[in-house]
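Take a look at the structure below.
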Amino acid sequence: MDNSWRLGPAMGLSAGQSQLLMSLLLLLTHVQPGTGVAASEHINYVPQLSKDTLAGRLTQSTFTLEQPLGQFHSHNISDLDTIWLVVALSNATQSFTAPRTNQDIPAPANFSQRGYYLTLRANRGLYPSDQARGQLRVLRVGNDTHCQPTKIGCNHPLPGPGPYRMKFLVMNDEGPVAETKWSSDTHLQQAQALRAVPGPQSPGTVVIIAILSILLAVLLTALLAVLIYTCFNSCRSTSLSGPEETGSVRRYTTHHTFSTPAEGAS
C-alpha cells in the first residue's frame, strides 16, 4: 500500500514530492553503507603454484604460478579491461582495498607500507581457454631485476621469504570489475648458514679423517724431498765459469825461487 499520501501532508509536501522522497528512501536502503557503487564480480578461481617440475619454481625472491586460462570470459569483462596480479603478505589480505583508479595502484616500492602491490598487467586475450599442446603457460613473479620498484606494474624480486598470497583483479576506467579468490600461503626458500654437526663424530668418520691426514703428510714429505734433491743436484753441476770464458795468467817468479849462477861460471 502506498503511504505517500500520509507522508506528504504530514511534511507539507505535495503528492509528487512525496513520491520522489519515497523513491530516494528506497534507493538508499538498497545501497551498502560505505560503498556507493556496485561490488565487483567474484570469480571462483584460486591462483596456485605451477605443478610442473621447473628449475626455479621457488627461489629466494621468485615463484612460478599457473596462468589463469579461461577464467575471465564473463560478460562483465571486456577485452579492454586490465587484469592485474595482486601480491600481498598473508597478514595484509584483510586490509587489501582494490584501487579505484590507475593512479591508486600501488607499486612494489609501496610494499613495505601497504603489504601488497599489483604486477603482471595483462588482458583476457593473454589467458585463452585453449592451451596449445606442448606449450607451457606460467607466470614468473619477481623475475624482473631491471625495472624500477617505483614503476606501477614492475615485476620486482620479492623482498623476503613471505608467506605471500595472490589473487587476480580485473579493472577498467571506472574501477574494479572482477576478482578471484586469494591463494594459499606461499613460502619462498631461505638461505641457510652452514653449521657444524653437533655431538661426537662416528668412529668411521674419525678413521677417514686420520687416513686423509696421513696421506697428506706423506705427500708433503715426498714433495719436500724432491725439491731438496733437485736443488742439491743443480748446485753441484753449476760451473763457476763458462767454456767461452778465457783468461791470461801473468807469470810471476818469486824472489826466493830465483837461483843465482855459480861463481866462476863462464
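The values are calculated or read from the model by the stated rules, or taken from the named source; none is laboratory data. In this text the structure is predicted, and so the values were computed from the model without any measurement. With ideal geometry, Cβ positions are generated from the backbone for all residues, glycine too; neighbour counts draw on all protein chains shown. Ligands, DNA and RNA are stripped out before the accessible areas are found, and what is left, the full protein with its side chains, is counted by its heavy atoms. Shrake-Rupley method; radii C 1.70, N 1.55, O 1.52, S 1.80 Å.
Here are a few things to note about the model shown:
- Residues that are touching a residue at least 24 places away in the same chain (Cβ under 8 Å) and either closer than 19 Å to P159 by Cβ or open to solvent by 30 Å² or more (accessible area, probe 1.4 Å) (or both), drawn from region 46-55: V46, Q48, L49, D52, L54
- Checked against the criteria, A92 counts as touching a residue at least 12 places away in the same chain (Cβ under 8 Å), farther than 17 Å from V170 by Cα and aliphatic (A, V, I, L, M).
- Condition check for T101: in contact with a strand residue (DSSP E or B) (Cβ under 8 Å, 6 or more places away or on another chain) and either open to solvent by less than 30 Å² (accessible area, probe 1.4 Å) or of a type outside the set (S, T, Y) (or both): no
- Residue match in region 208-215 (condition: modelled with pLDDT of 80 or more and crowded, with 18+ Cβ neighbours inside 10 Å): no
- Subset tally (residues that are touching a residue at least 40 places away in the same chain (Cβ under 8 Å), within 12 Å of D81 (Cβ to Cβ) and open to solvent by 60 Å² or more (accessible area, probe 1.4 Å)) for region 174-188: 0
- Qualifying residue in region 131-141 (condition: touching a Lys or Arg at 6+ places or on another chain (Cβ under 8 Å) and open to solvent by 20 Å² or more (accessible area, probe 1.4 Å)): yes
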